[in-house]
1. Taking K and R as +1 and D and E as -1, what net charge do the other residues with C-beta under 15 Å from the C-beta of Asn87 add up to?
2. Filter Lys127/Lys170; Lys157/Lys212; Lys2/Lys175 down to the pairs with a C-alpha to C-alpha distance above 20 Å, please.
3. In nm, to one decimal, how far is the modelled label at Gln205 from the one at Lys127, with both set 7 Å along Cα→Cβ?
4. Apply the a/c threshold of 1.5 to the C-alpha gyration tensor of the chain and tell me whether it is rounded, prolate or oblate.
5. Let me make sure I get this right: for region 68-147, a, b and c are the square roots of the gyration tensor eigenvalues over alpha carbons, sorted descending. Under 1.5 in a/c it's rounded, otherwise prolate if a/b > b/c, else oblate. Which is it?
6. Which loop-located chymotrypsin sites (Phe, Trp or Tyr not before Pro) does region 192-251 contain, where loop means any DSSP state but H, G, I, E or B and the Cβ has at most 13 other Cβ atoms within 10 Å?
7. Does region 100-143 come out rounded, prolate or oblate, given a ≥ b ≥ c as the square roots of the eigenvalues of its C-alpha gyration tensor, rounded meaning a/c under 1.5 and, failing that, prolate meaning a/b above b/c?
8. Give me the mean projected area, in nm² to one decimal, of the convex hull enclosing the Cα positions of region 138-232.
Amino acid sequence: GKTIVITGSSSGIGAETARLLRQQGARVIGVDRNDPMITLDGFVRADLSEPSAIDAAVAQLPDRIDALCNIAGVPGTANADLVARVNYLGLRHLCQRVLDRLPEGGAIVNIASILGAEWPLRLAQHKALAETANFEDGLAWLAGQPVPQETCYQYFKEALIVWTVTQSQKWFLEKGVRMNCVAPGPVFTPILGDFVAMLGEERVQKDAHRMKRPALADEIAPVVAFLCSDASRWISGVNLPVDGGLASTYL
Ligand code: NAI
């Protein structure tokens with residue numbers, strides 16, 4: 001079986017993905033700031049907002065990792081600096097640190113969001129941020145372009161999509177490692193309430209009404225598992241919406 005590292009494994013989509021991949025026979029190592037609620041094959045506690053903590057976590061991970069699922073994330077009700085660190089800079093740092101442990105055919109799956117769908121509006125900014133070499137350079141670049149608190153969640157999900165798509169070209173050609181995003185619409189997890197606080201009851205109700213209901217975590221996890229599997233070996237550099245068609249209603 002494959003060895004798969006999953007961040008955010010202690011709640012919501014990450015916990016469901018860990019459960020499913022173990023059921024499918026993978027050895028799953030969780031990484032989270034909180035204790036796991038389910039049985040895992042290994043667990044590393046780490047605060048993924050700090051590069052030094054990420055490095056310490058990587059030192060405890062296996063030498064060979066077949067897939068990395070970056071599922072940990074904070075909602076836009078968190079401070080914009082923390083959103084930048086966890087949802088983008090730390091995620092990117094972890095990928096860079098884990099890359100040389102992924103074999104040819106290895107996979108990285110990053111959880112974006114339907115709220116990142118407007119990335120084309122700020123493409124030049126997101127490409128410039130994607131070109132910063134590391135966590136500290138990214139922070140320094142952001143200090144010159146402060147991101148408003150109200151839209152920080154959207155901004156860093158957009159940035160994640162642009163980084164994933166652009167960086168994947170290089171890693172696929174040079175290392176044979178695939179990297180893709182999954183972009184869920186609303187999902188029933190503990191942070192759904194934070195999206196109501198971020199966007200307002202009306203918008204969330206409107207979206208929920210369009211799709212009849214939010215997704216369940218077990219409607220997202222199988223797609224993440226597919227993108228980790230060899231069945232998806234020719235898929236690289238895509239952002240796959242898993243939103244019950246919600247994005248299509250924005251046209
Ligand atoms: P959740 O709150 O249930 O799980 C998030 C996990 O990330 C938690 O276990 C938490 O401890 C961990 N985490 C957060 N900050 C961390 C840090 N600094 N260090 C280590 N671990 C940390 O949320 P959910 O819904 O499962 O979210 C998973 C991903 O899906 C996130 O990236 C979120 O932005 C994204 N998403 C969620 C949607 C939803 O409606 N629930 C919709 C679209 C995207």
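Just so it is clear, none of the values below were taken in a lab; they were calculated from the coordinates. The structure displayed is predicted, hence computed values, not measured ones. Ideal geometry is used to build each Cβ from the backbone, glycine not excepted, and the neighbour counts take in all protein chains shown.
1. Values: positive: Arg33, Arg85, Arg92, Lys157; negative: Asp32, Asp47, Glu50, Asp81, Glu158, Asp194.
With Lys, Arg at +1 and Asp, Glu at -1, the neighbours total -2.
2. Lys157/Lys212
3. So the two model labels end up 4.2 nm from each other.
4. Rounded, because the longest to shortest axis ratio a/c is under 1.5.
5. prolate
6. Of the chymotrypsin sites (Phe, Trp or Tyr not before Pro), the ones in loops of region 192-251 whose Cβ has at most 13 other Cβ atoms within 10 Å are Trp234.
7. Working: a/c = 2.52, a/b = 1.28, b/c = 1.96.
Oblate is the answer for region 100-143, as a/c is 1.5 or above yet b/c matches or exceeds a/b.
8. Quarter of the Cα hull surface area: 8.2 nm².
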